[in-house]
Amino acid sequence: MAPTDLDTNEPRVVLSARGLRRDFAGFVAVKSVDLDVRHGNIHALIGPNGAGKTTVFNLLTKFLAPTSGRIELLGHDITRMAPARVARMGLVRSFQISAIFPHLSVLDNVRVALQRPGGLSVQFWRSLAALDRLTPRAEELLRSVGLDDARNRLAGDLSYGRKRVLEIATTLALDPKVLLLDEPMAGMGHEDVATVSDLIRSVAKDRAVLMVEHNLTVVADLCDWITVMQRGEVLAAGDYATVSRDERVKVAYMGTADD
Ligand SMILES: Nc1ncnc2c1ncn2[C@@H]1O[C@H](COP(=O)(O)OP(=O)(O)OP(=O)(O)O)[C@@H](O)[C@H]1O
């Protein structure tokens, strides 16, 4: 009998893809991708530009339909499911900073997030006053991410790193089982990277995190498992020590020793 997760001490797989493929007008952007994301793990998707990372994210979150292959979330086949339903089931993608409303306070940004049904629409017709009952939960969330001191500031006035923290807090409002982060450290200085790394570490204790990240120092420091993509395919997978020793990965990133 084939081994199953029950036979191992590994944390359970919460998100998996098998044979994932996406064609764009004859061009194969993603091909035969297999991926297992485990509860409690921080999993990185890395690879050179154009490797297919964003396309995989779009396929997993159902923003793109796969040409073929299968995706399972918490044991359910979500391959043909609508994005809002997948979000309600616990697969939540953090968009870039633009997901924040700059003219609302930090607290109101989280309160608005808390009343989103599937994480994808905002019911502006509800007055902010009607959101009062969400204040205690919003304050608790802000405390957990270290933004409680900024609760009354306009979100647009926060530093770049703290905007990112707020943006992650708004996705945590949906209590995701799997959180997908698209380049969470993009454009950040050292201090902000440390803050956001600590936050990702703490949120991953209770869920899985899958992130696309170009900063390999961050990946080495933060991630339990790394999937390396190149030209639409998985080139290597494993912990950082394993993939960084892989000759194919070295060539993909740095060219051959003779280059
Ligand atoms: N909508 C589309 N139509 C046609 N080709 C596409 C489309 N989306 C992506 N591609 C192509 O698919 C390939 C993979 O792109 P993708 O954006 O997934 O790569 P990536 O690894 O995220 O790259 P980067 O690190 O530069 O963001 C690229 O060659 C890209 O040009």
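Any read-out appearing in this document is the output of simple, stated calculations on the displayed coordinates, not a laboratory observation. Predicted model only: the values in this text are computed from it and were never measured. Glycine gets a Cβ as well: all are built from the backbone with ideal geometry, and neighbour counts include every protein chain shown.
The Cα center of region 141-183 and the Cα center of region 39-101 differ in position by 20 Å.
Taking each of K62/K250; K31/K250; K31/K62; K53/K250 in turn, the alpha-carbon distance tops 25 angstrom for K62/K250.
Working note: 222 nm ellipticity from helices only, DSSP H runs with n ≥ 4, each -39,500 (n - 2.57), summed and divided by the residues of the chain, gives -9500 deg cm²/dmol to the nearest 500.
Gain on full extension, evaluated as 0.36 nm per residue between S159 and E10 minus their Cα-Cα distance, stands at 49.8 nm. For region 24-78, what does the alpha-carbon gyration tensor say about shape, rounded, prolate or oblate, given a ≥ b ≥ c as the root eigenvalues, a/c under 1.5 as rounded, and a/b over b/c as prolate? Oblate shape, in that a/c is at least 1.5 and b/c is the bigger or equal ratio. Dipole magnitude for the chain: computed about the Cα centre from +1 point charges on Lys and Arg Cβ and -1 point charges on Asp and Glu Cβ, it is near 1020 debye. At what distance in nm do the modelled label points of R231 and H76 sit from each other, each positioned 7 Å from its Cα along Cα→Cβ? Between R231 and H76, the label points sit 3.8 nm apart. Return a whole-number percent for the relative contact order of region 172-259, with Cα pairs under 8 Å and 6 or more residues apart as the contact set. This gives 21 percent for region 172-259. Evaluating kT/(6 pi eta Rh) at 37 °C and 0.692 mPa s, with the Kirkwood radius of region 126-175 over Cα pairs in the Stokes-Einstein relation, gives 287 µm² s⁻¹.
Pairs of alpha-carbon atoms within less than 8 angstrom and 6+ residues apart define the contacts here; what relative contact order does the chain have, in percent? Once normalised by length, the contact order is 26 percent. For the chain, the Kirkwood estimate of the hydrodynamic radius, built from every pair of different alpha carbons, is 19.2 Å.
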